[in-house]
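**Q** Right, I'll just put the structure down here and ask away after.
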Amino acid sequence: MSKIKPVYLFAGGGSANRRANDLLVLEAFRESGKKSPSVGYVGTASDDDEGFFNRLAGMFRENGAGEVKHALLAPDNADISRAKYILKHSDIIYISGGDVDTGIQILKKRQMVNFLAELYQEGKPFFGLSAGSIMLAKEWVRWRNPDDDTTAEVFPCLRLAPVLCDTHDEEGGWEELKVLLMLEKDGATGYGIATGTALRVFPDGRMEALGGAVHQYVSRGGKVKRISDVMPL
């Protein structure tokens, strides 16, 4: 039996129901097998914003977490050995929201991408919120010139969850996800994780929606169309 755990991708979103998010957090915490799991916090997407950390740490503790430690990686004087120690000895690792590209670039600069992959292969559970969920997935899209759609390009993320996804953009019509799918091979599938929901992704690519329907899109013949939603079991 594989010791690798499912990855939990939370949508987040400003209008998300707090109770719904609490239930999703509890679901992820159960993956650790601990009653009060310690959480290692990776905040590179928010440039290790302390306010972000304090808010999320408080929510995690309210939902039964034990210690929540900030593995600082963004500051120029970051102690990378200390950050690795925190993550290696945490029961579950959280990847914060913010900006996907910024988050990944800092992890690459600090040579943390392979380290996180090793922890995942060793059976460490991971969960993310908003941009953190996208970071845990395969790839994302950026624009060299934000005003020119022809400059859109795909870049790799952590690839712990073998999916393409976006989060809490149901009101925007998942435009960035659609651009990503158009840049992928024909037949690529992507998932729009709506506000207040989550996607549990297993190592073999199987997935389950949590908290509500997850939107599913596919690129075919130069177009992106919505297909059947992924529904909770």
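The values are calculated or read from the model by the stated rules, or taken from the named source; none is laboratory data. All values derive from a computational prediction rather than experimental measurement. Heads up, the Cβs are rebuilt from the backbone with ideal geometry, glycines too, and the neighbour counts pull from every protein chain shown.
Listed here are the residues, each with its yes/no results for (1) part of a strand (DSSP E or B); (2) buried (at least 20 other Cβ atoms within 10 Å of the Cβ).
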position: Leu9; (1), (2): yes, yes
position: Gly51; (1), (2): no, no
position: Gly66; (1), (2): no, no
position: Leu73; (1), (2): no, yes
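**Q** Follow-up question, since we're still on this one. Please go through the range 186-211 and pick out each residue that is touching a residue at least 40 places away in the same chain (Cβ under 8 Å), over 11 Å from Pro162 (Cα atoms), of a type in the set (Gly, Ala, Ser) and assigned to a loop (DSSP other than H, G, I, E, B).
**A** Scanning the range 186-211 gives Ala194, Gly196, Gly211.
**Q** If Asp101 satisfies all but one of (1) under 25 Å from Leu180 (Cα atoms); (2) surrounded by 19 or more Cβ atoms within 10 Å (Cβ to Cβ); (3) not β-branched (Val, Ile, Thr), what's the number of the condition it fails?
**A** (2)
**Q** Return a yes/no flag: does the range 79-89 have any residue that is at pLDDT 95 or above and touching an Asp or Glu at 6+ places or on another chain (Cβ under 8 Å).
**A** No, the conditions are met nowhere in the range 79-89.
**Q** OK, next. Quick one: which of Gly64, Gly128 is modelled with pLDDT of 95 or more, in contact with a Ser or Thr (Cβ under 8 Å, 6 or more places away or on another chain) and at positive phi?
**A** Gly64
**Q** Moving on to the next point. Could we say that Ala83 is of a type in the set (Gly, Ala, Ser) and assigned to a helix (DSSP H, G or I) here?
**A** Numbers: of a type in the set (Gly, Ala, Ser): yes; assigned to a helix (DSSP H, G or I): yes.
It is true that Ala83 is of a type in the set (Gly, Ala, Ser) and assigned to a helix (DSSP H, G or I).
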